[in-house]
Amino acid sequence: MGAKKENNDDEMDEKVKKYLRGEAANLEGLKDKKLKGQLAVREDLYGKSAKTAAKIEKWLLPSEGGYLEAEGIEKTWRIKQESIAREIDISSSKNQYDIVLPELGPYTLDFTSNGRYMAAAGRKGHLAIVDMKTLNLIKEIQVKETVRDIVYLHNELFFAVAQKKYPYIYNRDGTELHCLKEHGAVLRLQFLKNHFLLASINKFGQLHYQDVTMGDMVGNFRTGLGRTDVMQVNPFNGVVALGHSSGTVTMWKPTSSVPLVKMLCHPGPVSSLAFHPNGHLMATSGKENKIKIWDLRKFEVIQTMPGHAKTLNFSQKGLLAAGTGSFIKVLADFSGSQNYNSYMTHSMAKGYQVGKVLFRPYEDVLGIGHSMGWSSILIPGSGEPNFDSWVANPFETSKQRREKEVHSLLDKLPPETIMLDPTKVGTVRAPHKKEKPTKKEIETEMEAAIETAKDTDFKKKTKGRNKPSKRAKKRQEMIERAKKPFLEQQIQEHETSRKKQKTNPETEMPKSLQRFVRQKAA
């Protein structure tokens, strides 16, 4: 019993550490007793709240994440989807399917932020909205022209489609709401949900930002690096990254006409890129058959792996999926040392060309858009097991959706808050050095001080102390007192300038004689 109790205490301590706000403050050095008492009460409150959160964790976080675990010399990347299907329940097996539509592909996909709905777009103009819980087809339309990309807006009611000439916005019923002609022939679309901005890159290399709440064009910039279809948003700070044919990756914000960062990632064209959910890691792949993992805090490459990837995507738990040809590889970092190794592999049917891989939020599912339709496979441990209903609720009702929409509009962030380090938002700017006043400004201040001294009225005093000579003398003293600080400042500036003018004797002498100058003792 005693050993069991100790184990329970150790487990509780581990859970409490997870909810604590770092190490407790050191209050021993404080001399102010009142402040010391207030901080001690607050630290005690933090400890109690952490203990309470640890106790109710089993109700707040009912599900636990898990990964594939191999036994003995078995390798996880050798486990096939058929083997997984035999071991899972019926509801999970519904997530393994293959939709074959060869006449309308290749397909691209997008999921809503809660993972409930999926939008699929075929190159030949086919658009489909699917409820992923029930696998029911909500709406299917044919736009009868080329479709290059599709992206959901703030919820499942609206989505944007990059068509042949312009991007269009549709509602869930398939009704066309807007034609965004200013964007031109768009190749890629991205939506910044915290800022309600629709970002697009067109075939002329122009980057556009449009506010979907008011319809204003927030930014329109020429990248100057040619045509590209590699575009991704960093979920941490809202910065848009573009991969170019020169091997560079540029990062943009809507309030700057020049890139915030321009980094050379590959010697050849960049074929795809993806951001980790924490925003500190970026994966890029180049045509020279290299996949690189970058640390965006130092802008350094931390791992280089062989292999080509036409499409990359990070899951909520940090798994990296790479797709090329008819082969998909999933990489994982279980050690936490940012060292990615092979976790799972999957081969499509011969002839399928993978166009896009995308992890479904809050599910262990990987969506694949390919040349013959779209597919879904199971990747254990890829999704977040517990969802926060205030952030993303897969089971939300229409009333909850309306309330969430209003709240998100009230909490909408202005475009100016997009920056490389969003922690700087709200901090106080460091005071600048006071600029040195010019000679004219000093003279003007001195004249104003003299005039003030001249216009001073004197009190009328007793006979003999109110003589004009005494009053004139007193006024002259006041004028000299007013001039004094300005004259002292001039003398000080003159002395500093003289000191600066004193140059080294080596520079005063000709070059031929400089070697005879006496060296100062060290």
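Observations
- Val517/Phe486 FRET efficiency (R0 30 Å; Cβ-Cβ; nearest 0.05): 0.15
- Net charge dipole, the chain: roughly 3920 debye, given to the nearest 20, about the Cα centre with Cβ charges of +1 for Lys and Arg and -1 for Asp and Glu.
- Heavy-atom accessible surface of Arg402, to the nearest 10 Å², is about 130 Å², with a 1.4 Å probe and all protein chains retained.
- Taking the C-alpha atoms only, the angle from helix 2-19 to the longest principal axis of the chain is near 60 degrees.
- Residue pairs, from the table Lys48/Lys298; Lys48/Lys399; Lys124/Lys356; Lys55/Lys133; Lys55/Lys317, whose Cα atoms sit over 26 Å apart: Lys48/Lys298; Lys48/Lys399; Lys55/Lys133
- When all protein chains stay in place and ligands, DNA and RNA are ignored, the 1.4 Å accessible-area order of Cys265, Cys179, largest first, is Cys179, Cys265.
- Tyr362 contributes about 50 Å² of solvent-accessible surface, heavy atoms of the protein only, 1.4 Å probe.
- If the segment from Met419 to Glu493 were pulled out straight at 0.36 nm per residue, it would be longer than the present Cα-Cα gap by 22.5 nm.
- Principal-axis tilt of helix 398-410 within the chain, Cα atoms, nearest 10 degrees: 20 degrees
- Taking only the C-alpha atoms of the chain, Rg followed by Dmax gives 33.9, 118 Å.
- Using the Cβ-Cβ distance between Ser83 and Cys179 with R0 set to 30 Å, the FRET efficiency works out to roughly 0.05.
- Once C-alpha pairs closer than 8 Å and six or more residues apart are averaged by separation and normalised to the residue number of the chain, the relative contact order reads 10 percent.
- Projected label distance in nm at Glu405 and Val391, using a 7 Å step from Cα toward the beta-carbon: 2.4 nm
- Accessible area (Å², 1.4 Å probe, nearest 10) - Asp216: 90 Å²
- Calculated [222 nm] ellipticity per residue, helices only, for the chain: -7500 deg cm²/dmol; basis is -39500 (n - 2.57) per DSSP H run with n ≥ 4, divided by all residues, nearest 500.
- Protein accessible area in the chain, 1.4 Å probe - carbon and sulfur %: 52 percent
- Rolling a 1.4 Å probe over the heavy atoms of the protein chains gives the range 184-330 an accessible area of 37 Å² per residue.
- Against the chain, whose longest principal axis is taken from its Cα atoms, helix 468-501 shows a tilt of about 50°.
- Placing +1 on the Cβ of every Lys and Arg and -1 on the Cβ of every Asp and Glu, with no other charges, gives the range 76-171 a dipole of roughly 240 debye about its Cα centre.
The values are calculated or read from the model by the stated rules, or taken from the named source; none is laboratory data. Since the model is a prediction, treat every value here as computed from it, not as a measurement. Cβ sites come from the backbone with ideal geometry, for glycine too, and all protein chains shown count toward neighbours. Calculation scope for accessible area: heavy atoms of the full protein, side chains included, ligands and nucleic acids excluded. Shrake-Rupley method; radii C 1.70, N 1.55, O 1.52, S 1.80 Å.
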